[in-house]
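As structure tokens, the structure follows; a few thoughts come after it.
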Amino acid sequence: MPPLPALHATHAGIWLVDGLGEVRAVARGEAIARAAETPHIILNAPLVGQRLGYPELSGLDLLELFAFVHPARFAVPTVAGMARAVGLAAPAGEAEGAALLVRIARALLEGMTNRDWAEREGAWTSNATLHRLGWGWAPLVGMTLVRPERGERMLWSRLPQWEKSADRPPPRSVRIGEEEAKQRLGLLTGQGAEAREGQQAMAAAATSVFGARLRDGPKMMLAEAGTGIGKTLAYLAPASLWAAEAGGAVWVSTYTKALQRQLDAEGARLFPDAEERKSRIVVRKGRENYLCLLNLEDALQGSFSGRAAILAQLVGRWAAFSKDGDMVGGDLPGWLPSLFRRAGATALTDRRGECVYAGCPHYRRCFIERAERASRDADLVIANHALVMVNAARARMQRPPERILFDEGHHLFDASDSTFAVVLGGQEMIELRRWIVGPEKSSRGRRRGLAARLMDVCSYDEPGAEALDAAVDAARHLPSDGWLQRLAENDPFGSLEHLLAEVRGTVYARAKAQDAGYGLETELAEPDAALVSASVAAMEALEGLQRPLAALGRRLEAVLEEAPDWLDAQARARVEGAIAGLTWRGGALAAWIALLARVAGSGDPDFVDWLAVDRVEGREYDVAIHRRWLDPTRPLAQAVLAPASGVLVTSATLRGGEEGWSGAEGRTGASHLQVPVEHFAAESPFDYGGSSEVLVVTDVKQGDLPALSGAYARLIEAAGGGTLGLFTAISRLRAVHSRIADRLAREGLPLLAQHVDPIDTGTLVDMFRDDPRASLLGTDALRDGVDVPGESLRLVVMERVPWPRPTVLHAARRMAGGGSAYDDRVIKARLAQAFGRLIRRHGDRGQFVILSAAMPSRLLSAFPAGVRVSRVPLDEAIARVRGFRGGSVGEEVAAREAVGP
């Protein structure tokens with residue numbers, strides 16, 4: 001590799017490395033000037049550009065080179081993480097880190113000369129294309145690579161094809177004994193592992209959900225297993241036994257991608273052989289998570305340009321080595337799309353409604369179809385709550401799962417709330433229009449839109465062709481491109497845009513002045529005559545679309561039944577896909593029509609309806625009428641729980657404190673079943689009283705940003721990093737970060753921040769976990785589902801009590817749920833989830849700080865029994881945090897009490 005300069009910038013400073021390897025600190029202006037003159041080796045160009053205040057920074061990004069050399073492999077995107085990935089020692093300081101960038105680049109390039117380089121195939125061809133696209137690394141890669149003697153296979157020929165198989169027979173009726181489950185658990189935990197009484201008890205209890213289904217519903221158990229019980233292996237033990245003996249599939253559903261990855265990793269215990277594990281355990285996600293090969297082909301053939309075209313080539317490299325094609329939380333590094341400011345990344349996934357199924361030339365290699373078919377024969381299907389519910393609601397599965405295990409069960413209410421919601425808005429309607437008519441602009445010959453996909457089929461069926469033509473004509477009344485601008489100019493087109501204009505006008509008329517800049521909403525109550533009239537006209541338009549779509553669905557079903565000679569396997573698959581889409585869209589249309597009928601009629605006590613203008617930083621992006629179930633666990637129970645044979649719902653915080661099992665049954669849908677529900681509880685083995693404490697700081701004034709920022713900085717300094725800072729508002733998070741990041745960096749304490757750093761949340765957590773001196777600021781997404789054991793997380797700081805946002809939906813549920821008691825339940829759950837980030841493994845120790853004197857005493861029961869809660873001024877809180885690293889909490893408290901205040 002020829003000598004190249006490097007540029008390294010953090011909150012602590014900026015360093016340049018010249019071609020001779022000399023390192024010197026420089027000012028921002030000089031760094032920008034040098035980077036503009038000559039390409040420099042950098043690590044994460046968007047992040048460095050943000051630090052320099054030069055967002056258009058470009059150069060030789062080490063992360064891009066790593067993604068080329070080692071596709072489908074993850075590395076923590078820091079200097080230390082990259083050094084470790086190529087076998088180099090981590091730097092001792094920032095200046096040494098700058099010099100190390102050059103060595104990392106050299107190691108990556110030299111790695112391609114290694115005879116054992118596993119990702120060699122396709123590299124030469126891909127780099128030749130990247131060279132034409134102007135990728136900075138391409139000349140250096142070209143100098144290193146040896147041209148293959150034979151032409152390399154195209155990507156499509158390297159991807160495996162899925163095979164058709166007969167339908168799986170129904171599972172056999174077997175009984176799993178408690179002792180069998182315990183023995184299986186012993187095999188999973190391994191010889192010499194410490195026996196956990198709570199884990200063994202849970203494994204034995206969970207066998208009940210694998211018994212015979214009751215006459216009126218499933219065998220159902222609610223299991224609260226405290227942190228540290230080891231509930232994952234406790235339920236996998238009987239689940240794997242039942243799957244093997246009954247020949248059926250167990251669906252394990254999570255709420256977060258982090259737990260999904262953890263469960264997938266546990267598969268090695270169940271099936272040590274990698275090939276067997278691949279067929280016995282399948283991870284399933286929604287279609288929008290996966291790479292669409294037809295979209296990728298479009299991008300590789302020229303529909304992408306500039307930086308997006310380079311991203312497409314790197315994703316093409318990854319696709320050939322990916323385990324399952326999962327672009328969101330799979331083996332595509334989460335930092336890769338962010339390097340390109342996500343330009344093109346979304347367009348590469350399977351966007352809703354555009355799949356052409358068997359009409360796609362890559363159908364037999366499709367990642368989505370492969371996962372769906374693999375799950376039919378798997379023992380364990382690791383899914384998420386949303387997918388399980390959506391599949392049940394749309395009746396897309398051939399047979400509902402016999403057994404479902406819901407981990408992170410305290411999220412079932414929220415997942416149901418989203419899944420069974422109805423949104424009649426511009427974004428949803430324009431998507432329906434594109435699904436039927438196709439995009440406004442042509443897209444390189446792709447058969448997009450229902451009309452294009454079924455044109456040849458309907459040419460053989462006159463009634464079907466008439467229905468299709470009528471549906472296309474009716475769909476043209478739906479909002480089209482530019483609808484938001486027309487609404488802003490008070491120039492709507494058609495009855496449905498006119499409805500949205502009336503909704504928008506009503507919301508702005510009723511909105512409060514202090515709401516300016518944020519999303520606006522108002523109850524759907526006492527609509528004026530103009531809104532009612534617009535709703536009636538819109539309802540007629542939707543009914544005019546519903547009728548031909550229903551007729552088309554009937555004609556397609558008739559075609560399948562008649563099975564004419566021209567209906568080959570590909571056409572049949574395409575028709576089946578269209579029928580499934582029509583069924584789903586027909587249900588959505590029926591829900592929209594019912595919602596519009598409510599505008600002109602009376603409300604339904606089972607639902608909460610409101611009007612909204614959705615905005616981000618003052619910019620409108622949708623106008624809609626919303627409908628939510630007052631109790632979303634009712635459709636959950638009907639669509640998901642009742643058809644199953646056995647259901648286990650587990651969580652560390654399932655009962656919610658004083659509410660007990662009745663509250664757990666209400667939040668999980670169990671109370672709506674006609675069968676008895678079993679309960680199981682195992683307390684956490686952790687000594688929370690001896691390993692943690694809660695400090696309520698009493699002298700940080702709410703709304704005082706300088707004081708809040710100072711409190712965060714001093715607490716992080718006292719803890720030496722390892723801090724998770726939680727905020728209830730993005731604006732305050734950004735304000736605090738801007739005030740303290742440089743100060744902490746000068747102390748050698750890196751500060752990461754969600755909604756500030758141009759890095760996805762999962763990668764931020766990985767970076768935080770990797771460096772015990774780093775701290776991370778975030779919002780709700782980091783309050784739950786973050787597993788950072790050990791020294792990397794020893795302090796959690798909340799800026800204020802997490803009161804619920806006063807929305808229309810919250811007001812309705814608050815009224816139905818007991819007023820302030822409902823608020824208390826919500827807040828306690830949030831506090832318990834946030835505190836749960838602290839103690840994850842035996843030996844973990846930590847403190848929980850709330851910077852709010854307004855913390856009511858009645859909410860303190862959210863914390864585990866035995867945890868000492870103290871109300872202290874900030875100075876004392878800082879002293880306690882500083883002194884926390886040695887000895888136990890109990891010893892520290894006893895020492896303070898002996899000495900006196």
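Quick note: the coordinates plus some simple rules give every number you see, no bench work behind them. Everything numeric in this text was worked out from a predicted model, so none of it was measured. Cβ atoms come from the backbone with ideal geometry, glycine included; neighbour counts cover every protein chain shown.
Odds and ends about this structure:
- Under the Debye formula (equal points on every Cα, no solvent term), log10 I(q)/I(0) of the stretch 117-251 at q = 0.11, 0.17, 0.20 Å⁻¹: -0.65, -0.88, -1.16
- Point-charge dipole on Cβ atoms (K/R +1, D/E -1) for the stretch 688-899, about Cα centre, debye to 20: 520
- The stretch 16-91: radius of gyration over Cα atoms, expressed as a fraction of 2.2 N^0.38 Å: 1.16
- Sorted fewest first by neighbouring Cβ atoms within 10 angstrom, W661, W242, W135 come out as W661, W135, W242.
- Relative contact order [Cα under 8 Å, 6+ residues apart], the stretch 422-629, whole percent: 30
- Kyte-Doolittle at least -1.0, axis length at least 30 Å by Cα - qualifying DSSP helices, the chain: 529-562, 569-600
- Projected onto planes of every orientation and averaged, the convex hull of the alpha-carbon atoms in the chain covers 39.7 nm².
- Alpha-carbon Rg with Dmax, taken over the stretch 688-899, Å: 16.7, 52
- Its relative contact order, with pairs defined as Cα atoms under 8 Å and 6+ residues apart, puts the chain at 14 percent.
- For the stretch 398-425 and the stretch 118-151, distance of Cα centres in Å: 45
- Extension gain for R351-Q702 works out to 122.1 nm (0.36 nm per residue, less the C-alpha to C-alpha distance).
- DSSP-defined beta bridges in the chain - what % are antiparallel, rounded to 5: 35
- Overall, the ratio between the Cα radius of gyration of the stretch 140-192 and 2.2 N^0.38 Å, rounded to two decimals, is 2.52.
- Burial ranking of peptide ranges 583-589, 409-415 (average Cβ count within 10 Å, highest at the top): 409-415, 583-589
- Modelled label reach - L214, point 7 Å along Cα→Cβ, the stretch 235-254 residues with backbone N closer than 19 Å: none
- Between the stretch 27-44 and the stretch 540-565, the alpha-carbon center distance in angstrom: 61
- Of the GluC sites (Glu not before Pro) found in the stretch 5-45, those in coil by DSSP whose Cβ has at most 13 other Cβ atoms within 10 Å are E22.
- Backbone amide hydrogens, once placed in the peptide plane, bring V250 within less than 5 Å of L380, V381, excluding anything fewer than 5 places away on its chain.
- Estimated FRET transfer efficiency (D875, A781; beta-carbon r; R0 35 Å; 0.05): 0.65
- Extension gain from R841 to R103, taking 0.36 nm per residue of separation minus the Cα-Cα distance: 262.0 nm
- Mean projected area in nm² (Cα convex hull; one quarter of hull surface) for the stretch 422-629: 13.1
- Segment A118-R132, extension gain: residue separation times 0.36 nm, minus the distance between their alpha carbons: 2.5 nm
- Amide N of the stretch 517-549 lying under 15 Å from the label point, which is placed 7 angstrom from the Cα of A729 along Cα→Cβ: 517-519
- Cβ crowding within 10 Å ranks V423, V765 as V423, V765, fewest other Cβ atoms first.
- Label-point separation in nm, S165 to E462, each point 7 Å along Cα→Cβ: 4.6
- Tail weight of P(r) past 18 Å, computed on alpha-carbon pairs of the stretch 6-152, percent: 57
- Leading residue at positive end of dipole, the stretch 422-629 (Cβ point charges), from V532, V599, L496: L496
- Within the straight-line cut-off of under 29 Å between alpha carbons, the lysines reachable from K219 are K182, K231, K257, K285, sequence neighbours fewer than 8 places apart in one chain being disregarded.
- Share of Cα-Cα pairs in the stretch 760-871 lying beyond 17 Å, as whole percent: 59
- Using the Cβ-Cβ distance between A821 and R619 with R0 set to 35 Å, the FRET efficiency works out to roughly 0.40.
- Residue order for F304, F321, fewest other beta carbons within 10 angstrom first, comes to F321, F304.
- Over the stretch 688-899, relative contact order from alpha-carbon pairs under 8 Å, at least 6 apart, %: 35
- Cβ-Cβ distance of S662 and H755, R₀ of 30 Å, FRET efficiency by 1/(1 + (r/R0)^6): the value works out to about 0.20.
- Taking amide H positions as modeled 1.01 Å from N, with prolines and chain starts lacking one, the residues under 5 Å from F607 and 5 or more places away or on another chain are L630.
- Placing +1 on each Lys and Arg Cβ and -1 on each Asp and Glu Cβ, with no other charges, gives the stretch 6-152 a dipole about its Cα centre of roughly 120 debye.
- With each label modelled as a point 7 angstrom along the Cα→C-beta vector, the W566-V532 pair spans 5.1 nm.
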